[in-house]
Amino acid sequence: MMDKTMLYYIHDPMCSWCYAFSQSWDALQRDLPQDIAITYVVGGLAPDTTEPMPLATQKMVQQAWQRIEQTVPGVHFNRDFWSRNTPIRSTYPACRAVLAAKKQRADAEAEMIRAIQTAYYQQAKNPSLPETLHACAREIGLHVQTFIDDLTSSAMESELQQQIQRARSMNVYSYPSLRLVHNHTVFPIAIDYLNHRAILDEISAIKFEK
C-alpha cells in the first residue's frame, strides 16, 4: 500500500465546471488501472452565507453555464433555477452533505454528488438550502435524521476544513482539479472535458517515466 499511486479528484458539488466534467470523469474511472486508488476531496468553493447572490455573480455563473453548453456536448442546464430560487453563493453546505453521505456509506459519496448536481442543474432546486440536501439524502437511501445531525455537527465542519486544507496543500485553487500522487510526489493532471483518454495517457506517462 505504501507504493500505491493515488489520484485525487478535487471538486465542489455545486461547481458548474465539475458538472461539465462528470461524463469524462466517469469514463476515466472506468478505464483507470486498478492499481490507482481514487480519493475525492471537496475544495469548498464558497463559504457559508444566507445573503442573496449579487447580481454580478449571478451573471457570471449564468455565463459559465452558457460557455459550458457551447463547449461540452451533452451538458445542459435548467435555467428555471434563476426564476424559481433566490440564489445564494454558498457551497459549503453541499460540501458537508457529500462528507455526511460518505460517513454513512462509502459509495454514497459519489451518489450524493450526482444527486446534488441533478437537483441543482436539472431540477432547478437550490442546494444551498438544507431542505434540498435532506431530499438528496432521502433520494439516495441514507438515514435522513442521521444525515441531518451529521450535516450540522462540529465534526463535519472539522472534516470540511481539513479537506479544504488538503486541497490547498496540493496547490489547488480551482475546480475540478486532478492530482496524481506517485512515488511521494504530487503531479498536476490536466483536465480534459472531451477526451478522458488524454488524461489516461498523462497518468500513464508519469507512472512509467517517474
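The values are calculated or read from the model by the stated rules, or taken from the named source; none is laboratory data. Note that this is a predicted model, so its numbers are computed, not measured. Glycine gets a Cβ as well: all are built from the backbone with ideal geometry, and neighbour counts include every protein chain shown. Accessible surface areas use protein heavy atoms only, side chains included; no ligands, DNA or RNA. Shrake-Rupley method; radii C 1.70, N 1.55, O 1.52, S 1.80 Å.
Selection over segment 1-53 of residues that are β-branched (Val, Ile, Thr) and touching a His at 6+ places or on another chain (Cβ under 6 Å) gives a count of 1.
Conditions tested, residue by residue: (1) touching a strand residue (DSSP E or B) at 6+ places or on another chain (Cβ under 9 Å); (2) not aromatic (Phe, Trp, Tyr).
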residue	(1), (2)
THR5	yes, yes
TYR9	yes, no
PHE21	yes, no
LEU32	yes, yes
ILE36	yes, yes
PRO47	no, yes
GLU51	yes, yes
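Summed over segment 113-165, the residues that are open to solvent by less than 20 Å² (accessible area, probe 1.4 Å), part of a helix (DSSP H, G or I) and under 16 Å from LEU45 (Cβ atoms) give a count of 9.
Among the residues of segment 30-61, those identified as among the polar types (S, T, N, Q) and open to solvent by less than 60 Å² (accessible area, probe 1.4 Å) are THR39, THR49, THR57, GLN58. Taken together, the residues in segment 109-141 that are within 18 Å of GLN163 (Cβ to Cβ) and among the small types (Gly, Ala, Ser) amount to 1. Evaluation of ARG96 against the conditions (1) open to solvent by 80 Å² or more (accessible area, probe 1.4 Å); (2) assigned to a helix (DSSP H, G or I) shows that the sole unmet condition is (1). Candidates are the residues of segment 50-74 that are part of a loop (DSSP other than H, G, I, E, B) and under 19 Å from the mean Cα position of the chain (by Cα); the one that is farthest from ALA20 (Cα to Cα) is GLY74. Checking each residue in segment 166-209 for being open to solvent by 80 Å² or more (accessible area, probe 1.4 Å), more than 16 Å from the chain's Cα centre (by Cα) and touching a residue at least 40 places away in the same chain (Cβ under 8 Å) picks out ASN183, LEU194, ARG197. Within segment 30-57, residues that are free of Cβ contacts under 8 Å to residues at least 24 places away in the same chain reach no partner that is part of a loop (DSSP other than H, G, I, E, B) and among the charged types (D, E, K, R) with beta carbons closer than 9 Å at six or more positions or on different chains.
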